[in-house]
Amino acid sequence: MRKASGEKDAEWAFEVFDRAPYVTVSMVRPDGTPYGLPLSLVRKDRRTFYFHCAAEGEKIDCLRANPTVSLSAVSKCTPKFEEEKGNYTEYYHSAIAIGRVEEVKDDQEKIEALRLLCQRFLPKYMDHFDEAIARSLSHTTIIRITLTEPPVGKCKP
């Protein structure tokens, strides 16, 4: 298992987040019980991630009750039997981070976040972006996650 340190580790962890098809966001329900779910996140910079969601529901209730979240991602997971050792193992790349959430209210930031999400997950359809924004921006909820500490990554290459 490898765990780099400092700046190099943060960069490596960001690469894991950027490659992962989804990121598990863990939060706390208002009653104090844990709640985690896989979400399609996009990273803007070294501190900022975004996702979109419904304006109400359990996730929003959790985030309003406690805005601290944990992010967890896996970008590689390969189980293997090592015949020469007679050993079962798994090769992986993973990363974690801690952050605080806030609902984005500014329309320009919402558009920027949605553009980043669409460019990441549906880049072939960007020519429909402006039309979709005109139709749905007013009822689309965007959540910003601001990291409160550098991410950490681990791997078994």
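The values are calculated or read from the model by the stated rules, or taken from the named source; none is laboratory data. Please read all numbers here as calculations on a predicted model, not as lab measurements. In this analysis, Cβ positions are derived from the backbone assuming ideal geometry, glycine residues included, and neighbour counts consider all displayed protein chains.
Of all residues in the range 49-64, those that are over 24 Å from ARG115 (Cα atoms) have Cβ atoms under 9 Å from Cβ atoms of residues that are of a type in the set (Phe, Trp, Tyr) and in a strand (DSSP E or B), 6 or more apart or on another chain, in GLU58/TYR35; CYS62/TYR35. Is it true that some residue in the range 119-136 is under 18 Å from the mean Cα position of the chain (by Cα), basic (Lys, Arg), in a helix (DSSP H, G or I) and surrounded by fewer than 17 Cβ atoms within 10 Å (Cβ to Cβ)? So far as the range 119-136 goes, yes, one or more of its residues are under 18 Å from the mean Cα position of the chain (by Cα), basic (Lys, Arg), in a helix (DSSP H, G or I) and surrounded by fewer than 17 Cβ atoms within 10 Å (Cβ to Cβ). In the range 90-99, the count of residues that are among the acidic types (Asp, Glu), farther than 21 Å from PHE49 by Cβ and out of contact with any His (no Cβ under 8 Å at 6 or more places or on another chain) is one or more. Here LEU147 fulfils each of the conditions (1) at pLDDT 95 or above; (2) touching a helix residue (DSSP H, G or I) at 6+ places or on another chain (Cβ under 7 Å); (3) surrounded by 17 or more Cβ atoms within 10 Å (Cβ to Cβ) apart from (2).
Selection of the range 40-66 for residues being over 14 Å from the mean Cα position of the chain (by Cα) and more than 12 Å from VAL25 (Cβ to Cβ) yields ALA54, ALA55, GLU56, GLY57, GLU58, ILE60, ASP61, ARG64, ALA65, ASN66. Going through (1) at pLDDT 95 or above; (2) touching a His at 6+ places or on another chain (Cβ under 6 Å) one by one, LYS110 falls short only on (2).
When the test is whether a residue is closer than 19 Å to VAL152 by Cα, part of a strand (DSSP E or B), in contact (Cβ under 8 Å) with a residue 60 or more places away in the chain and touching a helix residue (DSSP H, G or I) at 6+ places or on another chain (Cβ under 9 Å), ALA95 passes it. Within the range 56-86, the set of residues being within 16 Å of LEU37 (Cα to Cα) and among the β-branched types (Val, Ile, Thr) comprises ILE60, THR68, VAL69, VAL74.
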